[in-house]
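For reference, the structure discussed in these notes is given below.
The values are calculated or read from the model by the stated rules, or taken from the named source; none is laboratory data. In this text, all values refer to a predicted model and were calculated from it rather than measured experimentally. Positions of Cβ are backbone-derived with ideal geometry, glycine not excepted, and every protein chain shown enters the neighbour counts.
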């Protein structure tokens, strides 16, 4: 498997001939069926939510907590 490559916002997303096309920041274009695009969207959205929650929890764990006394 190739090493992971950081991904930024898509340059362009469009539909043609029943497929969803996505142009990556580097100009690479991938395409998929509508069903795959919907599933991919769901999986990426769920992973993004989990990652954001983990980030918030980790930041909260490192913050100082006042312990009166």
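Which of the residues that make up the range 23-53 are surrounded by 12 or more Cβ atoms within 10 Å (Cβ to Cβ) and in a loop (DSSP other than H, G, I, E, B)?
The answer is 24, 25.
Out of all the residues in the range 8-22, which are surrounded by 10 or more Cβ atoms within 10 Å (Cβ to Cβ) and either within 15 Å of the chain's Cα centre (by Cα) or closer than 16 Å to residue 44 by Cβ (or both)?
Correct list: 10, 11, 13, 20, 22.
Please count how many residues of the range 8-22 are in a loop (DSSP other than H, G, I, E, B) and either in contact with a strand residue (DSSP E or B) (Cβ under 6 Å, 6 or more places away or on another chain) or at pLDDT 95 or above (or both).
Selection size over the range 8-22: 4.
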